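A.B. asks: Pasting a structure here, questions to come.
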Amino acid sequence: MNKNKLIVLLAVVCLLFCSCQTEPAEPSERELFLQSNGLTVEQKSQLLGKSILLDAGHGFADIGCTFPGGAPFEREITLILTQKIKAVLESDGIAVWLTHDGETFLSRDGLEQLAETLGYDMDAYLQNLITSHSGREGEEVQNTLTAFWAGVNDDETFDTFERCFYANLCGRQQPMSLYVSVHVNASVNNPLASGFDLFTCSDTPYDGKSRGAADAVKDALKHGFADTNARVKTYGWDDAYVVTKYPDMPSVLVESGFSTNETDAANLQNEAWQDAFARAVADGIELYLLGY
Ligand SMILES: [Zn+2]
């Protein structure tokens, strides 16, 4: 090898070496947000005027899953967590609506009356949604509609179909950026199953936004609880949860842990953990609302 070739070779090696020693990547806006303590004035101003709808899973005659020893029920925990998330979001200037407060809910008559007052045609919305997104045709569309309306009834529970109808009525009164339904998971056959699961439906007009919101909440949960699994699962029409496909807004179902896992069950009943969970979910919602 002559001298010139050697110099060129050395130069190339040097260049390669230098290019491998790049500075660590700048933290993203999302990472900076999660690392910061509290919102900036600019961020607060961006959140003002945004509205979201929170849903405490189950409630009333529907207790949801049970904890070891028979108490509490999922119904109580989801209400506590939802109230805490609401408090954090409101302190940051976001308007928060609830599907119910654990005291009362709108049953079929109330929902139909409100729809009439607002001039809202839920059936037309469903027809269009199912025809355009569910992959169903002809008679199947009608069967899906019939199944939906069968879930809107006057029993002692606030069923998931009723919550979706109510969500859309809320959306008629105030544009909603997001619907978040809070639940507790259970896996009786696998007590080792633990952590956070976030669900969305791909077969709606809000697929991208719902996934974006779920990812933001997942990232915030991972930031707040580094040792806990957090997963986003997106299902098609047939497998998706009811509350992830019928609301006329982006929608995420959050499973906050497993009542059948010893650690999760203890955490879910621990007030300090509940506060940290609420802060993390609120952070995720704010990440999504701020577009990070
Ligand atoms: Zn549940």
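No lab work stands behind these numbers, since they all come straight from the coordinates. Note that the coordinates shown come from a computational prediction; the quantities given were computed from them, not determined experimentally. Note that each Cβ is placed from the backbone with ideal geometry, even for glycine, and that neighbours are counted across all protein chains shown.
A.B. asks: For the charge dipole of the chain, defined by +1 on Lys and Arg C-beta atoms and -1 on Asp and Glu C-beta atoms about the Cα centroid, which residue among V232, S51, A61 has the Cα displaced farthest towards the positive pole?
C.D. replies: Among V232, S51, A61, the one farthest towards the positive end of the dipole of the chain is V232.
A.B. asks: Then there is this: Under 19 Å from a point placed 7 Å out from the Cα of E90 along the Cα-to-Cβ direction: which residues of region 172-213 have their backbone N that close?
C.D. replies: Under cut-off, by backbone N: 174-182.
A.B. asks: I need the Debye-formula profile for region 74-129: one equal scatterer per C-alpha, no solvent, reported as log10 I(q)/I(0) at q = 0.17, 0.21, 0.27, 0.30 1/Å, two decimals.
C.D. replies: Result of the Debye calculation: -0.79, -0.90, -0.99, -1.09.
A.B. asks: Mind listing the phi-derived Karplus ³J(HN,Hα) values for region 214-223, rounded to whole Hz, using 6.51, -1.76 and 1.60 with θ = phi - 60°, and x for any glycine or proline?
C.D. replies: Working through the residues one at a time gives 5, 5, 5, 5, 4, 4, 5, 5, 5, 5 Hz.
A.B. asks: Extension gain R279-T228, at 0.36 nm per residue separation less the Cα-Cα distance, in nm?
C.D. replies: Using 0.36 nm per residue and subtracting the Cα-Cα distance, I get 16.8 nm.
A.B. asks: How big is Rg to Rh over the chain, alpha-carbon atoms, Rh as the Kirkwood inverse-mean-distance radius?
C.D. replies: Taking Rg over the Kirkwood Rh, I get 1.11.
A.B. asks: Length gain on complete extension for the stretch D123 to Y235, per 0.36 nm per residue less the alpha carbon to alpha carbon distance?
C.D. replies: Answer, rounded to one decimal: 38.0 nm.
A.B. asks: While we're here: For each pair in K84/K245; K44/K86; K209/K233, compute the distance between the two Cα atoms and list the pairs where it is over 19 Å.
C.D. replies: Cα-Cα > 19 Å for K84/K245; rest within.
A.B. asks: Right, another one. Would region 24-126 count as rounded, prolate or oblate if I go by the C-alpha gyration tensor, calling it rounded below 1.5 in a/c and otherwise prolate when a/b exceeds b/c, oblate otherwise?
C.D. replies: oblate
A.B. asks: Let me ask you something else. I want the local charge near W97. Using Cβ-Cβ distances under 13 Å, sum +1 for each Lys or Arg and -1 for each Asp or Glu among the other residues.
C.D. replies: Every neighbour counted, the sum reads +1.
A.B. asks: If you don't mind, another one. Given an 8 Å cut-off on Cα distances and at least 6 residues of separation, report the relative contact order of the chain as a percent.
C.D. replies: Relative contact order, the chain: 23 percent.
A.B. asks: Calculate, for W149 and E23, the FRET efficiency according to 1/(1 + (r/R0)^6) with r their C-beta to C-beta distance and R0 41 Å; round to the nearest 0.05.
C.D. replies: With a Förster radius of 41 Å, E is 0.10.
A.B. asks: If you take every DSSP beta bridge whose two residues both sit in the chain, what share of them, in percent to the nearest 5, is antiparallel?
C.D. replies: 20 percent
A.B. asks: Follow-up question, since we're still on this one. When all alpha-carbon pairs of region 127-192 are counted, what percent fall beyond 13 Å?
C.D. replies: 75 percent
A.B. asks: On alpha-carbon atoms, Rg over Rh for region 61-188 using Kirkwood Rh?
C.D. replies: 1.00
A.B. asks: Amide H neighbours of N229 under 5 Å, counting only residues 5+ apart in sequence or on other chains, H built in-plane at 1.01 Å?
C.D. replies: F196
A.B. asks: For region 270-292 and region 110-154, write down the distance between their C-alpha centroids in whole Å.
C.D. replies: Rounded to whole Å, the Cα centres lie 32 Å apart.
A.B. asks: Okay, moving on. Just need the Rg to Rh number for region 138-253, please, alpha carbons only, Kirkwood Rh.
C.D. replies: Using only Cα positions, Rg/Rh for region 138-253 is 1.00.
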